[in-house]
Amino acid sequence: MRLLLDENLSESVLLAIADLYPESLHVRLLGAGGVPDDVVWRLAKEHGCVLVTRDEDFLRLSIVRGAPPKVVWLAVGNCSNQEVIRLLRTRHQDIQEFYSHEQATFLTLGF
């Protein structure tokens, strides 16, 4: 399972989760920092990624467009990178099950 981290998450998160989510990407590392949400959506779809974001707007896109891509919304507000890393690591099983479920399109994770 490959993730695409939205620009509202730090690139440093990628290194800390690489063992669980190999070959994951970050929007800015694809040269797409500051692009509209629909471009981020398209990138996740084109790269076969689950989109991980703190941006609630992707819920609306998920409802309107459906998957792919699947979306994981981190409903955590303004928290540290370490808290984001901990959440993605401790909820790996839930994210994996979400990814494997054919009909699931949106997963909300919080503390």
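A few notes on this one:
- Semi-axes of the equivalent ellipsoid for region 3-109, computed as √(5λ) from the eigenvalues of its C-alpha gyration tensor and ordered from largest down, come to 18, 16, 13 Å.
- The H on the amide N of Leu3, modeled in the peptide plane, is under 5 Å from the matching H of Ser24, Leu25, Val50, each at least 5 residues off or on a different chain.
- For region 26-40, putting each phi into the Karplus relation 6.51 cos²θ - 1.76 cosθ + 1.60 with θ = phi - 60° gives couplings of 10, 3, 5, 6, 8, x, 10, x, x, 7, x, 4, 5, 6, 4 Hz, in residue order, rounded to whole numbers and with x for Gly and Pro.
- Once backbone amide H atoms are built at 1.01 Å from N, Lys70 has Leu51 as its partners under 5 Å, excluding neighbours fewer than 5 places away on the same chain.
- Take every pair of alpha-carbon atoms less than 8 Å apart whose residues are at least six positions apart; their mean separation over the length of the chain yields a relative contact order of 28 percent.
- Using θ = phi - 60° and Karplus 6.51 cos²θ - 1.76 cosθ + 1.60, couplings along region 5-14 (whole Hz; Gly, Pro as x): 7, 5, 5, 7, 10, 6, 4, 5, 4, 4
- Mean separation of Cα contacts under 8 Å (6+ apart) over length of region 1-63, as relative contact order %: 46
- Rounded to whole Hz, the Karplus (6.51, -1.76, 1.60) HN-Hα couplings of region 95-111, x for glycine and proline: 5, 4, 5, 4, 4, 6, 7, 4, 8, 6, 10, 9, 10, 9, 10, x, 7
Bear in mind these aren't lab numbers, they're just calculated from the coordinates by the rules spelled out. This one's a predicted model, so the numbers in the text were calculated from it and none came from an experiment.
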